[in-house]
Amino acid sequence: MTDMKWTRKDLIGLEDLSADEILFILDTAEEFKKVNERRVKKVPVLRGKTVINFFVEPSTRTRASFELAEQRLSADIVNMSASSSSLSKGETLLDTAKNIEALQVDIIVMRHAASGAHQFLAKNLRCGVINAGDGAHEHPTQGLLDIFTIRQKKKKIKGLNISIIGDILHSRVARSNIYALLKLGANVTIAGPPTLLPKQFEQIGVRVCDNLKDAVENADVVNLLRIQHERQRASYFPSIGEYASVYGINRESIKYVKRDALIMHPGPINRGVELESEFADGDQSVILEQVTNGLAVRMAVLYLVAGCLKTN
Amino acid sequence: MEEKIENRLMDARAMELAIERLASKIIEHFPGKELKKMAFLGIQERGTWLSERLYKRVFAQSGNKPLIGTIDTSMYRDDIGLRKNLSRILETSIPFDVNDRNIVLIDDVLSSGRTIRAALDAITDYGRPKTIRLAVLVDRGSREFPIAADFIGMKYVVSEKEKVHVCFKEHDGEDIVYTKNRSEN
């Protein structure tokens with residue numbers, strides 16, 4: 001165990017973190033997970049701190065998970081969405097954020113379509129900034145909860161073969177996973193329709209596969225991304241039905257997956273598209289454990305960020 | 001700059017005697033059935049090392065094996081945001097029901113009393129013990145909260161500028177208690 005200390009007041013992306021910092025968050029989350037299993041599921045660590053959940057892009061589950069995490073830490077909470085904010089009246093993001101800060105808010109949890117928005121605010125504000133998803137760039141707490149779940153089940157990350165299947169191009173979940181898994185020494189494979197499979201990931205050490213069989217055959221973990229129906233209009237692949245038969249996990253393709261491999265999905269699942277129901281609910285699936293672990297990971301991130309805020 | 005031990009308070013022999021004495025005080029305090037209800041909770045990190053030593057001494061002296069757990073007070077501290085960084089949260093493991101137990105909270109050094117305040121809040125989130133007592137190897141004074149230990153290995157009056165270090169041979173290679181100036185920490 002190293003003597004490192006946490007010093008960041010923001011969590012923007014996993015690409016910026018060192019392997020030690022990622023492990024530090026995961027270890028912290030282990031202790032918060034125990035809080036969620038206690039009789040009293042609440043600790044006073046963020047008492048007196050105010051957190052605003054600022055979701056410029058819509059979200060239900062990430063937001064609910066953050067909100068519950070904040071409550072379990074005894075923070076005061078304000079929720080704000082794009083439609084209710086003055087951004088829709090033409091106010092700039094920085095002005096909105098400065099106004100939020102003027103209310104003595106300590107941490108901003110933000111989802112925003114623009115990658116870079118979080119970095120920009122983090123630099124310009126005293127508040128801590130936590131990225132809850134920025135466009136197709138990063139979704140660090142999702143990456144962390146995926147890796148937390150893998151580590152819990154497989155007892156290690158280093159040397160594992162982890163395959164991420166689906167729309168890699170538009171996936172912030174894939175990016176956060178890829179950056180962090182590589183730092184922790186995993187072997188990462190990506191696969192999906194060629195139009196949704198950016199080849200440049202090869203340059204950072206990712207194996208890029210054009211077919212599902214090769215991608216999952218030796219995998220210890222198969223992480224399936226959601227096919228976003230709204231993107232289908234852009235004709236990245238011929239049809240949902242064809243996607244399901246070529247890249248989905250079903251009775252045919254499950255034969256290539258190792259019996260002890262974990263099946264993961266960030267949700268919401270399109271049953272019968274990325275994943276056939278019987279495998280989404282099967283004994284290899286850890287999908288609901290991902291959700292449970294997400295709460296502990298978000299509590300850990302909020303705690304760490306709160307501990308490093310600049311004092312007035 | 002090679003930092004030498006400034007002021008030795010206990011050598012290995014003195015530490016051993018102090019721990020032996022702490023164990024007998026604890027056993028004396030809990031007569032008969034009460035001893036069976038006793039559980040040790042070591043405060044991370046050095047309190048857990050002391051609690052392992054005390055566990056062995058209590059067993060040797062009384063034949064009774066106390067329940068044993070560890071507690072980290074990070075989530076209950078009153079100085080979140082007043083420090084520039086955060087240390088790793090260490091393991092809290094309470095593998096027994098605290099309700100109706102005689103909890104002996106164990107730490108290496110009692111100073112401001114703030115850690116003990118945090119530990120009391122943490123324990124009561126797990127249930128309602130019958131009693132909570134406090135055992136420390138060194139009471140160094142400098143109290144900021146109205147908290148006192150029930151079992152004390154040794155009392156010293158140490159200047160506020162100094163920090164008391166307790167080393168355990170299992171982890172630090174040597175049993176020793178000494179003081180050092182905080183700035184040279």
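The values are calculated or read from the model by the stated rules, or taken from the named source; none is laboratory data. In this text, all values refer to a predicted model and were calculated from it rather than measured experimentally. Cβ: placed from backbone, ideal geometry, glycine included. Neighbour counts: every protein chain shown. We work out accessible area using only protein heavy atoms, side chains counted, and drop any ligands, DNA or RNA first. Shrake-Rupley method; radii C 1.70, N 1.55, O 1.52, S 1.80 Å.
Within the stretch A:140-291, how many Lys pairs that are eight or more residues apart, or on different chains, come under 15 Å at the alpha-carbon?
Going through the stretch A:140-291 pair by pair, I get 6.
With only Lys, Arg, Asp and Glu charged, each at its Cβ (+1 for the first two, -1 for the last two), find how big the charge dipole of chain B is about the Cα centre; round to the nearest 20 debye.
About 440 debye.
Which angle from 0 to 90°, rounded to the nearest 10, does the C-alpha axis of helix A:172-183 make with the longest principal axis of chain A?
Between helix and principal axis, roughly 90 degrees.
Give me the net charge of A:LEU94's neighbourhood, meaning all other residues with Cβ under 13 Å from the Cβ of A:LEU94; Lys, Arg count +1, Asp, Glu -1.
On the way: positive: A:LYS98, A:LYS123; negative: A:GLU91, A:ASP95, A:GLU101.
Net charge in that neighbourhood comes out at -1.
Straight-line reach from B:LYS37: which aspartates and glutamates fall under 18 Å, measuring Cα to Cα and dropping same-chain residues less than 8 apart?
The qualifying aspartates and glutamates are B:GLU28, B:GLU52, B:ASP97, B:ASP100, B:ASP150.
Among B:PHE168, B:ILE103, B:SER87, flag the residue with its Cα farthest along the positive direction of the charge dipole of chain B, charges on Cβ as +1 for Lys/Arg and -1 for Asp/Glu.
Result: B:ILE103.
Whenever you get a sec, compute what percent of the accessible area on the protein assembly as shown sits on carbon and sulfur atoms (1.4 Å probe).
Answer for the protein assembly as shown is 49 percent, counting heavy atoms of protein chains only.
Connecting C-alpha atoms closer than 10 Å in a GNM of chain B, tell me which of B:LYS169, B:LYS36, B:LYS65 has the biggest fluctuation.
B:LYS169
Of the trypsin sites (Lys or Arg not before Pro) in the stretch B:42-150, which ones lie in a loop per DSSP and count no more than 15 other C-beta atoms within 10 Å? Let's see the in-between values first.
Details: sites: B:ARG46, B:ARG53, B:LYS56, B:ARG57, B:ARG77, B:ARG83, B:LYS84, B:ARG88, B:ARG101, B:ARG114, B:ARG117, B:LYS130, B:ARG133, B:ARG140, B:ARG143; in loops: B:ARG77, B:ARG83, B:LYS84, B:ARG88, B:ARG101, B:LYS130, B:ARG140, B:ARG143.
Here the sparse-neighbourhood loop sites are B:ARG83, B:LYS84, B:LYS130, B:ARG143.
Nearest 10 degrees, 0 to 90: what angle lies between the long axis of helix B:46-62 and the longest principal axis of chain B (Cα atoms)?
40
In the stretch A:37-58, which residues become less accessible by 50 Å² or more once every protein chain is in place, relative to the chain on its own, using a 1.4 Å probe?
Residues passing the criterion (a loss of at least 50 Å², heavy atoms only) are A:ARG38, A:ARG39, A:VAL45.
Which of the aspartates and glutamates could a cross-linker span from A:LYS9 if the Cα-Cα distance has to be under 14 Å and same-chain partners fewer than 8 positions apart are dropped?
Cα-Cα hits under 14 Å: A:GLU21, A:ASP106.
Tilt of helix A:93-102 relative to the longest C-alpha principal axis of chain A, in degrees (0 to 90, nearest 10)?
50
So for the protein assembly as shown, taking the charge dipole from beta-carbon charges (+1 Lys/Arg, -1 Asp/Glu), which of B:TYR178, A:HIS112, A:ILE22 sits furthest toward the positive end?
Farthest along the dipole direction, towards plus: B:TYR178.
Could you give the size of the charge dipole of the stretch A:3-44 about its Cα centre, using +1 on the Cβ of each K and R and -1 on the Cβ of each D and E, expressed in debye and rounded to the nearest 20?
Using Cβ point charges on Lys, Arg, Asp and Glu, the stretch A:3-44 gives about 560 debye.
What are the residues of the stretch A:1-36 that lose 40 Å² or more of accessible area, with a 1.4 Å probe, going from their chain alone to all protein chains?
A:MET1, A:LYS5, A:PHE24, A:GLU31, A:LYS34
Please get the size of the charge dipole for the protein assembly as shown, origin at its Cα centre, with Cβ charges of +1 on Lys and Arg and -1 on Asp and Glu, quoted in debye to the nearest 20.
The calculated dipole for the protein assembly as shown is roughly 940 debye.
At a probe of 1.4 Å, how much accessible area disappears from chains B and A on forming the pair, both sides counted, to the nearest 100 Å²? Working shown, then result.
Working: alone 10280 and 13770 Å², together 21890 Å².
For chain B against chain A, roughly 2200 Å² becomes buried.
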